[in-house]
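Structure first, commentary second.
The values are calculated or read from the model by the stated rules, or taken from the named source; none is laboratory data. Since the model is a prediction, treat every value here as computed from it, not as a measurement. Positions of Cβ are backbone-derived with ideal geometry, glycine not excepted, and every protein chain shown enters the neighbour counts.
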Amino acid sequence: MRCLMVAAAGLAMSASMAAAEVLPPFQQGRAGSILGTSEQIETDRQTLRVYSSREVQAAIKALVAVYEKDPVAQYPDARKTLRRAAEAMAMAQSHGVVAADPDRAAALWGTNGPHAWGDLGLPVAGVMIDNPDNIYRSIPIDGAASYVIEGRVIYPAPVQQTMVLHNEKSGSDPNQKIKSQEAENGAVPLDSIPVARDGTFTVTVDASPTGGRTNHLQSDPAVHDAYILVRDTIPDWSRQNPVQLSVKRVAGPPVKPPRSDAELAAKAAAMTGNVARYFMTWAKQRFYSGAANTVTHQFDRASGWGAIACGWYRLEADEALVVTLDRRSAAYLGFQLSDAWGQGQTSEYLANLGSLSGDQASANADGSYTYVVAASDPGVHNWLDTAGLRTGTYCIRWQAMPEGVKAAGAVRGMEVVKLAALDTALPQATVRVTPAQRAEQIEQRRRDYARRLQY
């Protein structure tokens, strides 16, 4: 067993070194940054060991075989990213099981694009059209225990931070019913809780009733594997910062010893298959059951913090999808592309224009936004680059809208046009860019991503 563990550690180190060498400077993080905590880096090291295990690598191979037989694989260019999608799912599940220790709870960043902490390189970890404008962190919760989450806002703050308690994880049960979203068992938005003048705040989590406390989440003592999903929404990568978080377990049942790498690998392998099948069924029901180049699925978030509209595109090289949106006075508007399997935080999407927030995009004269989804540069500021793929998926997100305002009907129009006739489909005052301006736009995007990762 020791030999196997040493071999797995060697594989992880090799993968780490290779990823660190390949990743460009804008994907290099900094140990000691808001995201690069000691708990995060140690979890990431263990995640790579689990990911490199024989069990998880076998699960990737099995998932590739499942994807190859799936009808989605028959769409143009879907096979180009098929294996990477399976690897991203396995990486997400490997991190998920390592981070799911409620006896040693921490706020851990686990759904993300490729990045490195020095010699520790991490590949993409994704589930389904994850948003690069969100910092996704998870805090494991034993409902019978008590926790104190201490935070510090480092201004400029995210436009929105939500802490949502979930008692189940999509795909954890092979027989789980497909839902638009996981049930929310309590939510704490940052803008509803007391924050001191120095930016510090506290959130408590235990089985006691909220009793009017806006900074308290009531857990279920019968659920020992719940989790809090923390979203820091950062549309302006150049300025805004994720919130600093630390977690203390202050009471509860006797603490259990941590699970071994072998136990975690077995769990991660099982979750890779289960969660992937869940979300591929979800995608086929919510995306691929409708027509391409339309909104096929739209819903409001359960506790009212946002709304989302999704679909899939199918475009030829000489075509573009023109999309016009109302912002609806939302503090956050974002439009993200992903491949056919829902992986949108891969390096080419981050390095280039695979997403645009409302802060990164240019508004029309009437306050609406018009985007051009295409494989080649159409010479407009609001270009969403498909990375050369003829088939992919997308999501549009509105968050922190004024009370009573809904996103229904906020997609004004979606139209496929030939690139040669694009001008006829765009507003007259559309912001154009030269090749030099495009290069600077992309370079600025990379600098901004690096700042956010290293701060």
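Checking THR393, THR424 one by one, the residue that is in contact with a strand residue (DSSP E or B) (Cβ under 8 Å, 6 or more places away or on another chain), of a type outside the set (Phe, Trp, Tyr) and without any contact (Cβ under 8 Å) to a residue 12 or more places away in the chain is THR424 and no other.
Among the residues of the range 301-316, at least one is over 18 Å from the mean Cα position of the chain (by Cα) and not in a loop (DSSP other than H, G, I, E, B). Any residue at all in the range 69-78 that is in contact with an Asp or Glu (Cβ under 9 Å, 6 or more places away or on another chain) and crowded, with 20+ Cβ neighbours inside 10 Å? Yes, that holds for at least one residue. Can you find even one residue in the range 216-223 that is more than 18 Å from the chain's Cα centre (by Cα), among the polar types (S, T, N, Q), outside any loop (DSSP other than H, G, I, E, B) and surrounded by 17 or more Cβ atoms within 10 Å (Cβ to Cβ)? Yes - at least one qualifying residue is present in the range 216-223.
Inclusion of THR200 among residues that are in contact with a Leu (Cβ under 9 Å, 6 or more places away or on another chain), loosely packed, with under 15 Cβ neighbours inside 10 Å, modelled with pLDDT of 95 or more and more than 23 Å from THR111 (Cα to Cα) is not warranted. Residues that are among the basic types (Lys, Arg) and within 30 Å of GLN244 (Cβ to Cβ) within the range 36-81 comprise ARG45, ARG49, listed in sequence order. Report yes if some residue within the range 293-313 is in contact with a strand residue (DSSP E or B) (Cβ under 8 Å, 6 or more places away or on another chain) and without any contact (Cβ under 8 Å) to a residue 60 or more places away in the chain; otherwise report no. Looking through the range 293-313, at least one residue is in contact with a strand residue (DSSP E or B) (Cβ under 8 Å, 6 or more places away or on another chain) and without any contact (Cβ under 8 Å) to a residue 60 or more places away in the chain. In summary, GLY212 fulfils each of the numbered conditions (1) in contact with a Ser or Thr (Cβ under 8 Å, 6 or more places away or on another chain); (2) at positive phi with the single exception of condition (1).
Only residues that are over 24 Å from LEU453 (Cα atoms) and surrounded by 14 or more Cβ atoms within 10 Å (Cβ to Cβ): list them for the range 228-253, please. Selection gives ARG249, GLY252.
Identification of strands (runs of 3 or more DSSP E) wholly contained in the range 345-426 with 3 or more residues that are charged (D, E, K, R) and under 27 Å from TYR288 (Cα atoms) yields 411-418. Every condition in (1) more than 25 Å from MET89 (Cα to Cα); (2) modelled with pLDDT of 95 or more is met by GLY212 except one, and the failing one is (2). Once the range 248-268 is narrowed to residues that are in contact with a Lys or Arg (Cβ under 9 Å, 6 or more places away or on another chain) and of a type in the set (A, V, I, L, M, F, W, C), the residue that is farthest from ARG84 (Cα to Cα) is VAL255.
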